[in-house]
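The values are calculated or read from the model by the stated rules, or taken from the named source; none is laboratory data. Computed from a predicted model, the values in this text were never measured in an experiment. Heads up, the Cβs are rebuilt from the backbone with ideal geometry, glycines too, and the neighbour counts pull from every protein chain shown.
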Amino acid sequence: MSARIIDGKAIADRVRAQVRADADAFIARTGVTPGLIVLIVGENPASQVYVRNKRKACLDLGWYSEIRAFPAEVSQSEVEAQIEALNADPRVHGILLQLPLPRHMDEQALLERIRPEKDVDGFHPVNVGKLSLGLPAPIPCTPLGIQRLLTEEGIETRGRLAVVIGRSNIVGKPVAQLLLRKGAGGDATVCVAHSRTADLPGLVRQADIVVAAMGQPEFVKGAWIKPGATVIDVGINRISDPSAPKGSRLVGDVEFAAAREVAGAITPVPGGVGPMTIAMLMHNTLECARRLSGDSA
Ligand code: GUN
């Protein structure tokens, strides 16, 4: 039987509608308009599309948003100075430094410059620590979106074996922390696999929930999936395909056609996890604006 396809676009639209209602009430209550600044360094084409979409999502909600674009050769100190200025700017509640950065830049040092209260990505060490302690803090957008997909779809995580493939700071590690936390969308038994994991197919075959986030096109095979399992595909990979209209197409980290024949539910690429990331960024920006304004409603 073919798996249920998880419609990330529809769920993201619902999340955005909720954020809009909450934001409108917040603005009416406080007079504060949420503001997000997106920093981008260099000319990575995928990143340019992502940052434009992030700003557009803010403008669609009637919020303040700007992109600050720097050439690839910009100095570390110039970006640091920009972050310091934004840390002090009361119109700005969220600062997002688009990754990856050019190789000469010290990514960690820049992330640590962002005031933790304005860290809408949840990448500052203070917020990473709070996530692992279960304290309130901005949570990385893609992991938060994955958890929301699972809860909105009514997929039980409690007591289930979740295998996360990939140990990045952006997705793998934080999604493992979220699935491990107590409460709805958590309480899973979590295993984080990576490029050095022995017998990955054997491990994935035991998983009730598979989160594929290692950035390798169609790496996870349909034959690895346990019948009825939930498959969350975080990959966005462009592969060449002479029969496709543009000569290329997007695929995930999972062999979709084969996996959907075995899984119980599966996210498509595109239209699965991707739309959730921006919806959760809007959620995080509003949360930062509320905390910075001392709004407790
Ligand atoms: N690059 C890929 N995903 C992300 C993300 O969630 N946040 C940032 N800042 N950069 C990214």
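To keep it simple, each residue is scored yes or no on (1) within 17 Å of the chain's Cα centre (by Cα); (2) in a helix (DSSP H, G or I); (3) surrounded by 17 or more Cβ atoms within 10 Å (Cβ to Cβ); (4) within 11 Å of the ligand (Cβ to nearest atom).
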residue	(1), (2), (3), (4)
ARG91	no, no, no, no
HIS104	no, no, no, no
PHE123	yes, no, yes, yes
LEU144	yes, yes, yes, yes
ARG148	yes, yes, yes, no
GLY154	no, no, no, no
ARG158	no, no, no, no
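Within the option set GLN48, GLN82, being in a helix (DSSP H, G or I) and out of contact with any Leu (no Cβ under 8 Å at 6 or more places or on another chain) holds for one residue only, GLN48.
Listed conditions (1) more than 25 Å from ARG291 (Cα to Cα); (2) surrounded by 16 or more Cβ atoms within 10 Å (Cβ to Cβ) are all met by GLN48, apart from (2). With respect to ALA265, is the statement that it is out of contact with any Leu (no Cβ under 6 Å at 6 or more places or on another chain), surrounded by 19 or more Cβ atoms within 10 Å (Cβ to Cβ), hydrophobic (A, V, I, L, M, F, W, C) and modelled with pLDDT of 95 or more true? Answer is yes for this residue. Note on segment 127-142: residues that are within 16 Å of the ligand (Cβ to nearest atom), in a loop (DSSP other than H, G, I, E, B) and free of Cβ contacts under 8 Å to residues at least 40 places away in the same chain amount to 2. Going through (1) outside any helix (DSSP H, G or I); (2) more than 13 Å from the ligand (Cβ to nearest atom); (3) touching a Leu at 6+ places or on another chain (Cβ under 9 Å) one by one, LEU99 falls short only on (2).
Evaluating GLU78 against the criteria (1) farther than 24 Å from SER168 by Cβ; (2) within 15 Å of the ligand (Cβ to nearest atom); (3) surrounded by fewer than 17 Cβ atoms within 10 Å (Cβ to Cβ); (4) not hydrophobic (A, V, I, L, M, F, W, C) leaves one unmet condition, (2). None of ALA28, ALA21, ALA10, ALA17 is surrounded by fewer than 17 Cβ atoms within 10 Å (Cβ to Cβ), more than 17 Å from GLU153 (Cβ to Cβ), among the small types (Gly, Ala, Ser) and within 21 Å of the chain's Cα centre (by Cα) except ALA17. Annotation: of all residues in segment 125-142 being under 18 Å from ILE170 (Cβ atoms) and among the small types (Gly, Ala, Ser), the one that is surrounded by the most Cβ atoms within 10 Å (Cβ to Cβ) is ALA137. Among residues of segment 106-121 being exposed (fewer than 15 other Cβ atoms within 10 Å of the Cβ) and of a type outside the set (D, E, K, R), the one that is nearest to the ligand (Cβ to nearest atom) is GLN108. Kindly indicate whether SER65 is away from the ligand (no atom under 13 Å from the Cβ), in a strand (DSSP E or B) and either of a type in the set (Ser, Thr, Tyr) or more than 23 Å from the chain's Cα centre (by Cα) (or both). So SER65 passes the test. Against the condition more than 20 Å from the chain's Cα centre (by Cα), more than 17 Å from GLN147 (Cβ to Cβ) and of a type in the set (Lys, Arg), how does ARG167 come out, does it pass? Spelling it out, it is not the case that ARG167 is more than 20 Å from the chain's Cα centre (by Cα), more than 17 Å from GLN147 (Cβ to Cβ) and of a type in the set (Lys, Arg). Once segment 40-73 is narrowed to residues that are touching a residue at least 60 places away in the same chain (Cβ under 8 Å) and not small (Gly, Ala, Ser), the residue that is farthest from ALA28 (Cα to Cα) is VAL41.
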